[in-house]
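The next block holds one structure in the form of structure tokens; read it before the comments.
The values are calculated or read from the model by the stated rules, or taken from the named source; none is laboratory data. None of these values were measured; they are calculated from a predicted model. Methodologically, a virtual Cβ is constructed for each residue, glycine included, from the backbone with ideal geometry; neighbour enumeration extends over all protein chains shown. With ligands, DNA and RNA removed, areas are computed over all heavy atoms of the protein, side chains included. Shrake-Rupley method; radii C 1.70, N 1.55, O 1.52, S 1.80 Å.
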Amino acid sequence: MDKRLERILPRVQKPARYTGGEYNQIIKDKTQVDLRLAFCFPDTYEIGMSNLGMSILYHTMNSLDFVWCERVFAPWGDMYEEMKKASLPLYALESGDALSEFDSLAFSIGYEMAYTTVLDMLDMAGIPLRSADRPNLLPLIWAGGTAAVNAEPMAPFLDLFVVGEGEEVDNEVLTLLREAKLGGWSKREFLVKAAQIQGVYVPSLYEVSYRGDGRIAAVTPKDGAPARVTKRIIQDLDAVPYPTKPIVPSTEVVHDRVSLELFRGCVRGCRFCQAGHVYRPIRAKKPETLIAQGIEALKNTGYQDITLLSLSTSDYRPLPQLCDGLLDYCEPRSIGLSLPSLRADNFSMELMEKLQKVRKSGLTFAVEGGSQRLRDAINKNVTEEDLLHTCQIAFAGGWNSVKLYYMLGLPTETDEDIVGIAEMANQVLHCWRTYAKNKNRGVKITISTSCFIPKPQSPFQWEAQISIEEYLRRVNLLRSSITAKNVTYNWHDAETSLVEAVLSKGDRRVADVIEEVWRRGGRLDAWSDYFSFERWMQAFASCGVDPAFYANTEIPLDAVLPWDHIDVGVRKAHLLHEREMAYASALSPDCRHQCAACGAAKLLKGGRCDG
Amino acid sequence: MDKLRLRFKKTGRAVYISHLDLMQTLQRGFFRAGYALKYSEGFNPHPLISIALPLSVGTASECELMDFRLKEDVDLAELPARLTAALPEGIEILEAYEFTRKAAELKWLRVRGVFEYDERDAASMCEALREFYARESIVITKKTKRGMGETDIRPAIREIVFSVEGRDVGLEAVISAQEPTLNPDLLPDALRQRQPEIAPDFAKFTRLETYDKEMELFR
């Protein structure tokens, strides 16, 4: 171990997250591989090690025998300060080697607030931030993850993005990079060739021009790069490798358990939801596959908990079969099975009763909108009856706390809808008074609101976000509408949401702001401990970028969107149709009732959309 | 099987695993190796394991002791290798056996330490350290359950020997493991408080051996 590191570690909080050496980590002989890859997660160890995508890709990339892929996370503030003081560069956990010894850095970017941390990690590695300032092929700096559905704000920093699911395309990029390294190609030569791989987006091969009104005039590809980059998907989820020997952290992380991914995509089509659109088409794994992989992973990790992952667990058709199969293994071994993202229906409640492991304390509902009209407008198919009926069963069964999540500022929202949130909480309270098994324990109803953020590649991508002042007005309206003392109201601040809206819908001009925020000390912006709204506002001002243009202004329907050249499968015409339906407060049936021909099925070769 | 004890090493990168995390890590190791730990009864069952003397983060050990119980009879001779293979880097099981003596009978610990001096001469530091620790009483201020308090650490040091090791000063000491517990980190802390000019720039320790109050090996 590095002497400097040895002296630092006893002084920082939770040093085990900075040492590597965990069970199931992959160690290779660095002299025997052609490429050393630093797989970087722009957030803390605890968050990154909880990320299933990170775990999957760590193993698929390491399955190439010419690559040694190692993990890198962002240090927490105390460690960051100590590393700066000791001039210790960012290092990879497996080998402890500085990132300067690596051929490539690959970032997994799942959320916009991680952007400043990407820059910070590059800087801690001693690597110039902008692609244009890195003339050599190596180190190649690339990224994937949900952020790639609108890569533009980060476009100047990265050499290459992969759009979509990485299991296959990442290895294709690495195979080409190896050829380039061994063949002595120039960076440009490599990038032009890489752009021919489906799912690869090379920002420097696209020229962006702007109109007088600030909107984009055109995005023009060069050197044979495709006009639109089509995202990659895995055709057969049963055949794709799943890490049954994941790394087991030696210190507590956020999700410290086996995660089984049931399916990708979502049949629901909530109009505010980016994930529900960009992960289509719907592809499910077979229960037999999942049971076998789950048991294997439990054996290899020693975890005492397993959880099912997907956007909506209840929509997995063979759920009963899967649960039975897993419980046969788990119950005799006291292993807990948990099922997040259940819908508010009878079946789910029976299932939860059956899984005695679920603590009878809290139920959480993402209701999103305060009236049926608004829920219809956002296509959130939850009715008040559903909710109250579920609460009735829950209260009768001994639950005594309910959390209700809403967004304020959804398109078409009126003051009546906001007052409706308080009314619904009263209904839930009434339901508890009528049906609770044991009233002595009392009840806790919590309402939480966040500020709606319009997201690219969703039907609300053209929408304006409400201003911070308007959000606060709505918060106060809701506060004054809540009368019952058993009802608690928490609201998220709108400042982070405004920044997130700008970063979500930004174009390449926003990159200057991200860099400026970083220069002013911004990093780990996803943490309220570190986020500074003032710093962002100062950076917007000094770069001459108006945040309201990106966040609070409706985009004309005929405008070229910064992310139009990224094709996630769902057609723009479908998104536009869904937007019209929203303004008519009309529901669209879910994919199982009627296929909306959203366009994502075109990505399937002979496979069948499980919608 | 009840009354089982493990003796194990915790070195290298594993020294940064905290006590609570180590308990979790060992539990998972047992599962992975296919050993079923015995659980407590009650509403929130937990495995019946306990580690004799919690080790501070950053200190290595070649003599950790953990008591545990298993649901079934197993071959204890093959347990160390099988369990070690299921544990992270740096944790090595030395032996597993049925114990007869309670952990409370453990009294003395042999520790090895390294005092690093960046700018100062190891030989003269070594001389000064010998003098310092030859005192009959070394009173320091340390945090206790009731705020800051004065303690004489000298009676908790049974023997201490310093030697020059290249640019560093090495030490080997026998210190009280419990009643009172002397955390070896207090050895350099005492210097910082009483004679800062000979306090090392960095110090690290390794536990070497466990003894009872008669200085017989404790197992």
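Points to keep in mind about this one:
- Contact annotation: residue pairs with Cβ atoms under 8 Å, 6 or more positions apart or on different chains, pairing a residue in the range A:575-593 that is within 15 Å of A:Phe460 (Cβ to Cβ) and assigned to a loop (DSSP other than H, G, I, E, B) with a partner that is among the aliphatic types (A, V, I, L, M) and open to solvent by 30 Å² or more (accessible area, probe 1.4 Å), are A:Ser588/A:Met581; A:Ser588/A:Ala596.
- The range B:29-42 - residue that is open to solvent by less than 40 Å² (accessible area, probe 1.4 Å) and in contact (Cβ under 8 Å) with a residue 40 or more places away in the chain and, of those, nearest to the other protein chains (Cβ to nearest Cβ): B:Arg32
- Matching residues, the range A:556-605, being open to solvent by less than 10 Å² (accessible area, probe 1.4 Å) and more than 25 Å from the chain's Cα centre (by Cα): A:Ala559
- Qualifying residue in the range A:81-97 (condition: open to solvent by less than 10 Å² (accessible area, probe 1.4 Å), under 30 Å from A:Ser532 (Cβ atoms), assigned to a strand (DSSP E or B) and assigned by TED's automatic domain parsing to the domain that holds A:Ile8): no
- Lone unmet requirement of (1) within 25 Å of the chain's Cα centre (by Cα); (2) over 16 Å from B:Ile93 (Cβ atoms); (3) open to solvent by 20 Å² or more (accessible area, probe 1.4 Å); (4) at the interface with chain A (Cβ under 10 Å from one of its Cβ atoms) for B:Pro45: (1)
- Scanning the range A:15-38 for residues that are buried (at least 18 other Cβ atoms within 10 Å of the Cβ), part of a helix (DSSP H, G or I) and of a type outside the set (Lys, Arg) gives A:Pro15, A:Ala16, A:Tyr18.
Each row is one residue, and each column tells you yes or no for (1) within 22 Å of A:Asp103 (Cα to Cα); (2) among the aromatic types (Phe, Trp, Tyr); (3) not in a helix (DSSP H, G or I).
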| position | (1), (2), (3) |
| --- | --- |
| A:Cys40 | yes, no, yes |
| A:Met54 | yes, no, no |
| A:Tyr58 | yes, yes, no |
| A:Pro75 | yes, no, yes |
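- Residue check: A:Met113 meets all listed conditions (1) at pLDDT 95 or above; (2) under 23 Å from A:Ala195 (Cβ atoms) but one, namely (2).
- Where helices (runs of 4 or more DSSP H) fall entirely within the range A:263-350, those with at least 2 residues that are open to solvent by 50 Å² or more (accessible area, probe 1.4 Å) and either outside the structural domain of A:Lys605 (by TED's automatic domain parsing) or touching a helix residue (DSSP H, G or I) at 6+ places or on another chain (Cβ under 9 Å) (or both) are at A:287-301, A:319-330.
- All positions within the range A:1-47 that are among the charged types (D, E, K, R) and either away from every other protein chain (no Cβ under 14 Å) or within 28 Å of A:Phe531 (Cβ to Cβ) (or both): A:Arg11, A:Lys14, A:Arg17, A:Lys28, A:Asp29, A:Lys30, A:Asp34, A:Arg36, A:Asp43, A:Glu46
- On the stretch given as the range A:162-175, residues that are free of Cβ contacts under 8 Å to residues at least 60 places away in the same chain and open to solvent by less than 10 Å² (accessible area, probe 1.4 Å) total 1.
- Only listed residue being more than 14 Å from chain A (Cβ to nearest Cβ), of a type in the set (S, T, N, Q) and under 21 Å from B:Arg158 (Cβ atoms), chosen from B:Ser61, B:Ser124: B:Ser61
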